[in-house]
Structure formats: structure tokens, C-alpha cells
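Please read the structure below before turning to the comments.
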Amino acid sequence: MNTRVQIAIFLFLAVSIHSFGQDLPKKKKILKSMTVANAYFMKKWPDTGKPIVSPDRTRPSNIWTRGVYYEGLMALYQIAPKKDYYNYAVSWGESHKWGLRDGIKTRNADNQCCGQTYIDLYLIDKKEERIRDIKASIDSLVNSSKFDDWTWVDALQMAMPVMAKLGVIYNDTRYYEKMYQMYDHSKNIQGDKGLYNPADGLWWRDKDFDPPYTEPNGQDCYWSRGNGWAVAALVRVLDVMPANAPHREEYQKTYLEMMKALVPIQRKDGFWNVSLHDSTNYGGKELTGTALFTYGMAWGLRKGLLDEKTYKPIITKAWNALATDCVHDNGFLGYVQGTGKEPKDGQPLSYEKEPNFEDFGLGCFLLAGSEVYKLSK
């Protein structure tokens, strides 16, 4: 065999292997990654009402970190409706008597995050107790003149989907209007000129990161997971709101701006850096932001909002990175940045390191997997 033929065969095999490695996995393989990760967590936390003990304090298990996990579990249940998943979620709601941390008078979006799952479970079995407290809490916002509660970008994901779901259930546009009023304050007013920078299509986490604050390389600080929360908020609102719901067009416009902004800053290995515009500030693999971006992009592609030629390779590369580089054989997830508000928090990350809270990272992973699963052949 001459050298030219050998080179041709080598190049053909190399291209074939590369292309195969960047194909979306089959549904069965995607579901396996999700199932093993979820099984690890359910085995570790058999008591759904058990308080969460961290190095600094003890918290009830209906806080936002666990709420995000149950968002992911309900997404998994949608594609794999196992009774164990449903019972595990119901047990969580019952253990807290379907209540919120700090009660129905709370205005803290973090405390209202649990309501997303409460409402999903109510829609499966319409027992009034499941929706009573979260409706009362959101009604107190709707009936109040105050609208400046969401001072950090995470709040959008914690509370906006709750308000959108209630608007649908009760066919009441007041939920949509109040949601927009609070969202608009976060986006365009909070801090100096709002937390969203339309020039870059990305969000500052809170006013502490408004310019002139910069990253070590002189760029603005756009925290990956903070922007992931914004993506998830927009997706989860757009997914349930009617086509003619007020302000829907603006939510979709911002979503598309964010999707475009994320394309050129994906890492070659499929992840996004924790500091989206500064790869030198704790650059490396990180699950939560990457998973939320994957979730948002896969949803948008499935809904026909995104171009397949542009976004499918990005989604494929991101999901393959998550499933290959983060999921241990026993289901533990590596490279999860713990709770915080900026790139330095919880660092350094690694395949083996356990974050201070591992529940919300799993929730992000399950959300991503659920949408990638729907795209897969």
C-alpha cells in the first residue's frame, strides 16, 4: 500500500471518528446518564424532608437548591414516567406540607422556587393543598405595589416560571403583568442601568458587578451560571405561556440575543468558562452553566427558534462533554461549582470534588438531558 493511500485512509478514519464523537447519543444512552446520576442522589437522600446541613448552617430541604433539583426530576419524569420519581417528588412536598421557607408572606424568589414542582404535581393530581401556599405567596406579590424584589439574576429562574404557570392555570393576565414589571426592573433599572447588557447579550449577576467592575483581563464579569439562570427563566416561561400572552415577544427577543452571544464563547471541549468573557479567571470545565445553556439551546432548536446547522453541533459538543467528563460510574457529578455569585466561588473545581450543595447541579444536568433526549433520534 503506497503512502498516499495510507494517508487517505488515515484522514478518512480520523474524520469518521471525529464525526461519530460529535453525534448526539441515542436516546437510551442519554437517559442512562440521567438515570444513574439521579439514582445516586435519591439513594443518598432517601428522606426527602431531611434538613440540609452545610459547613455554615442547617437549612430546610425546600430551599432553592433542592427546588432546582426537583425541576430536573420532573423533567426526567416527563420522559421516563417512573412511579418512584413521582412518589419522591410528592414525598418532598408532603414533608413540607406544601409550604415555603419563611411562609406565604415571603417575597424572596429563592423561597418560591419550590412552587414550580408543587404546581407540576398539582397539574398531575389537582389536590388544592399542593398549590395553596405558592398561589397565596405569589398573589401577595401581585396585589402589592412593590416590584423591585429581584435584585439578582438568579431570582428570574426561581420565581418567573411560577408566575407564568399560575397565569396559565387561572387564565389571569395579572400574573403575567406583575412578572413583567418585576423582570423589567431587574433587566433595565436595577443597579445602574439594569442587570442586562444588550450590547453583549449577557447579564451581570447583580449590581456589584456593574461597570466599572471588571475581570482580570479587563472585560465585564458575566458569570456563567448567573446567565444560565436567565436562560432557564426565559425558556421555562416561554414554554408555558400562551402565544398571545403579554410581553412574550420581548422574552423571546432576549432569549435569542443570549443564544447568539453564547455561540462564539463556547470552549473547544464543549464547556463554557465560569467567567464567560475571561478564560483566565478560573477557566476550566464547569457543569451548571454549561448544562443550563445546553438546556436552553436544545429547547430552542426543538421549538424551531434556532438554526440547526449552527446550534446542533454546539449542543452535541456540550452534552457529550457533560456526560463524558462529569458523570462518574456511580452517578456522582464532577465539576459542579457550588453556591455563590461569581467565578471564584467554590474554586478550584475538579472531577472528584464534592460541592457544598450537589442537588441543584443535578437539577441543571437533568434539565439539559431532558431536552437533548427530545432532540435525539
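The values are calculated or read from the model by the stated rules, or taken from the named source; none is laboratory data. None of the values given here were measured: they were computed from a predicted structure. We place every Cβ from the backbone using ideal geometry, glycine too, and count neighbours over all the protein chains shown. These area figures cover heavy atoms from the full protein model, side chains too; ligands, DNA and RNA do not enter into them. Shrake-Rupley method; radii C 1.70, N 1.55, O 1.52, S 1.80 Å.
Here are the numbers for the structure shown:
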quantity	calculated
Pairs with Cβ under 7 Å, 6+ apart, first in segment 271-297 and within 9 Å of GLY228 (Cβ to Cβ), second part of a loop (DSSP other than H, G, I, E, B) and not basic (Lys, Arg)	TRP272/GLN266; THR288/VAL336; THR288/GLN337; GLY289/TRP272; GLY289/VAL274; THR290/PHE271; THR290/TRP272; PHE293/TRP272
Of residues in segment 42-61 being within 22 Å of the chain's Cα centre (by Cα) and in a strand (DSSP E or B), the one farthest from LYS83 (Cα to Cα)	ARG59
Candidates ASN281, ASN217, ASN244 - the one that is buried (at least 16 other Cβ atoms within 10 Å of the Cβ) and polar (S, T, N, Q)	ASN281
Residue check for ALA232: in contact (Cβ under 8 Å) with a residue 24 or more places away in the chain, among the small types (Gly, Ala, Ser), out of contact with any strand residue (DSSP E or B) (no Cβ under 8 Å at 6 or more places or on another chain) and surrounded by 23 or more Cβ atoms within 10 Å (Cβ to Cβ)	yes
Members of segment 259-275 that are in contact with a strand residue (DSSP E or B) (Cβ under 7 Å, 6 or more places away or on another chain) and either open to solvent by 30 Å² or more (accessible area, probe 1.4 Å) or assigned to a helix (DSSP H, G or I) (or both)	ALA261
The lone exception for LYS253 - which of (1) basic (Lys, Arg); (2) open to solvent by less than 50 Å² (accessible area, probe 1.4 Å); (3) over 22 Å from GLY284 (Cβ atoms) it fails	(2)
Pairs where the first residue, in segment 175-193, is closer than 17 Å to ILE138 by Cα and touching a residue at least 60 places away in the same chain (Cβ under 8 Å) and the second is open to solvent by less than 20 Å² (accessible area, probe 1.4 Å) and not in a helix (DSSP H, G or I), C-beta under 6 Å, 6+ apart	TYR176/ALA245
Residue among TRP45, TRP64 that is within 14 Å of GLY363 (Cβ to Cβ), out of contact with any Leu (no Cβ under 8 Å at 6 or more places or on another chain) and surrounded by fewer than 20 Cβ atoms within 10 Å (Cβ to Cβ)	TRP45
Candidate set from segment 191-205 (those that are out of contact with any Leu (no Cβ under 7 Å at 6 or more places or on another chain) and closer than 20 Å to GLY289 by Cβ); member that is most open to solvent (accessible area, probe 1.4 Å)	ASP200
Qualifying residue in segment 112-127 (condition: farther than 30 Å from LYS29 by Cα, over 21 Å from the mean Cα position of the chain (by Cα) and aromatic (Phe, Trp, Tyr))	yes
Residue satisfying condition, being of a type in the set (A, V, I, L, M, F, W, C), closer than 26 Å to LEU322 by Cα and at pLDDT below 95, within set PHE20, PHE10	PHE20
